[in-house]
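Notes to accompany the following structure.
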Amino acid sequence: MHSSSLSTMTPTTSWFTPKRLLAIFCVINLLNYLDQGAIASNGVNGSKGTCTEGAATCTSGTGIQGDFNLNNFEDGILSSAFMVGLLVASLIFASLAKSVNPFRLIGVGSSVWTLATLFCGFSFNFWSISVCRMLVGVGEASFISLAAPFIDDIAPASQVGSNFGWRYAFWIESILMLPLAILGFLMKPLQLKGFFPTDMITAQVPETVALEIQVTNASIGKEESLSLKAEFKDKSSNDQSKSKSATKMFDQVSSFLVDMKALHLDKVYVINVLGHIAYNFVIGAYSYWGPKACYNIYHMADADLVFGGITVVCGIVGTLAGGFVLDFMTNTLPNAFKLLSVTTFLGAAFFFGAFLCRNVNGFLVLFSIGELLVFATQAPVNYVCLHCVKPGLRPLSMAMSTVAIHVFGDVPSSPLVGVLEDSINNWRTTILILTTVLFPAAGIWFIGIFVHSVDKFEDDSENQACTIPLLHEKTGETSASHTQSQEC
C-alpha cells in the first residue's frame, strides 16, 4: 500500500487539539496525584491507637490506620499494593498499544480507576482496601504508559479526610475521573508516531487476496479461478480459524521479546532507569510518610496542608523550570543527564539540611528549595526515556521504566521505612537515612553524561518500504511485474 493510501486512512482531524489534549492529561495526572496524596495524608491515613504504659485506657486510632488497626509496616503495604497493580498493568497496556488504539486504552484505564476508587470507599478490612489500591494502580497504568508519548507527539514548542472521613476522599476521586473515562471512549481516537491504525492493518489482507484472485482470473481462466475460490473458502473456514489467534499471540510475544531485548541493550536507557530507581525510592517514601514525619518531628497540626502545599507549588514550578532549563541548554541526552545529576545532588543536600534543622521555619525554607530542585528532574528523565529509543518503542520504554522504578523503588521503600521507624521510633533519623539514597541516584545519572548516546526520536527506520509478492508462479518464483510497494 502506497504512502498516499496510508495518509487517507489515518485520522487527519480531531477535537483533540494539542492544548486540549495537554489539559486533559494534566487533569488526569492531577487526579492520580490527588489519590496518592489523599491516602498518605494524616486525615485519610490517620494514626494507630495508642495506650499509655500502665494506664487503663487507650486512645482510639483515626483514619485507615486506626480503623483497621495497622502498624507502620502494614500501612506501608497499602502504598505498595497500588504499585503492584500499576506494574503488572503497565506492561499489558504498552503491549496492547500495537494492536489497540492507545487512546481507547487510556479510556479503559480511566474506567477501572473510577470504579476502583469508588469501591475503596466501601473497604471493610486491610485486605479489601489493598485489593482496591491494586485496581487503582491498574487504572493509572494506562496513563503512565501512553500519555507521555502522546504529549511528546503533539506538544508545541487536601483537607477531605479531616472534615468528612477518609472514605469520602475515594468517592470524590471516582466522581472527578468519570467524565474523563467516558471521553476516552466517545471522542475520535488519535494515533501515536510509529504505530499504524488497526483498521489499516486488518484491511491489508483482504485487499491483497482480492488482487491475487483478479490476476489469477486473467491468467488461468474462470473455471480454475472458481476452484481456487472454493479451496480458499474451505481453508478459511477450517485451518485459518484454528491458527489465526495462536499465530497472532505468537507474533505479539515475539515482538514483545525483541523490543525488551532492544531496551535492555541500550546503555543510555539502563543508566537512566537505574538512577530513576534510586530517586524514586526516596521520593515515593517521602510522598507517603512525609506528612506523618513532619507532624511527629515538628508537631505541625496542619502538616497535611503544609507538606501538600509545598509539594504542589514546588512540583509545578520545579517541573516547568526543569523543562525550560533543558531547552536553554539545548535538548540533548548528555545535557539531560547533566541536569539530572546536578539537581538531584543539590536537592539531596537541601533535604538533608532541612531535616537536621531544629527550627520549623528553617525546615520549610530548606525543604522547599530541595523540592524545587528534585522536581526539576521530571522533564529531563522523561526526555531521555523517550528520545534514547525508536518511536515505536516509546510506550514500552515508559512502561518498563515505570515498572522498574516502582518494583525496585517506592514499592519496597514505603514498607521498609515503616519497618525502620517501628524499630528505632525516631522519625528524624528515619528520614535522614532515607534521604542519603538520593546521592547514589545523582552519581548514576552523572555517569550517563559520558556514555555515547544517539537521539532516536526522528528515527523512521520502522517505516521503510518493503515489497509483498502478490502472485506466485508454479515454479515458486515471484513475478517482478506483480509486486507492490507498501509502508511497513
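General remarks:
- Per-residue surface analysis assigns Tyr286 an accessible area of about 10 Å², computed on protein heavy atoms at 1.4 Å probe radius.
- Gyration tensor (alpha-carbon) shape descriptor, segment 359-439, a/c threshold 1.5: oblate
- Isotropically averaged projected area of segment 304-381, using the convex hull of Cα atoms (one quarter of hull area), nm²: 4.8
- The C-alpha radius of gyration of segment 266-306, expressed as a fraction of 2.2 N^0.38 Å, stands at 1.69.
- Net length available on complete extension from Thr436 to Phe457 is 4.1 nm, with 0.36 nm assigned per residue and the Cα-Cα distance removed.
- The 3J(HN,Hα) values that the Karplus relation (6.51, -1.76, 1.60; θ = phi - 60°) gives for segment 434-445 are, in residue order, 4, 4, 4, 5, 5, 5, x, 4, 4, x, 5, 5 Hz. Gly and Pro appear as x.
- Modelled spin-label separation between Leu356 and Arg20, with each label point placed 7 Å from Cα along the Cα-to-Cβ direction: 5.3 nm.
- Cβ-Cβ FRET estimate between Phe122 and Ile92, R0 fixed at 25 Å, reported to 0.05: 0.45
- Summing +1 for each Lys or Arg and -1 for each Asp or Glu among the other residues whose beta-carbon sits under 11 angstrom from that of Ser453 gives 0.
- Three-way shape call for segment 256-360 based on the alpha-carbon gyration tensor, with the a/c threshold at 1.5: prolate
- His264-Met249 pseudo-label distance in nm [points 7 Å out on the Cα-to-Cβ vector]: 2.3
- Once the C-beta distance of Asn69 and Val313 is scaled by a Förster radius of 25 Å, the resulting FRET efficiency is 0.10 to the nearest 0.05.
- Taking amide H positions as modeled 1.01 Å from N, with prolines and chain starts lacking one, the residues under 5 Å from Val389 and 5 or more places away or on another chain are Lys456.
The values are calculated or read from the model by the stated rules, or taken from the named source; none is laboratory data. All figures in this text were calculated on a predicted structure; none of them were measured in a lab. FYI the Cβ positions are ideal-geometry reconstructions off the backbone, even for glycines, and counts take in every protein chain you see. The protein model used for the area step is the full one, side chains on, heavy atoms only, and it has no ligands, DNA or RNA in it. Shrake-Rupley method; radii C 1.70, N 1.55, O 1.52, S 1.80 Å.
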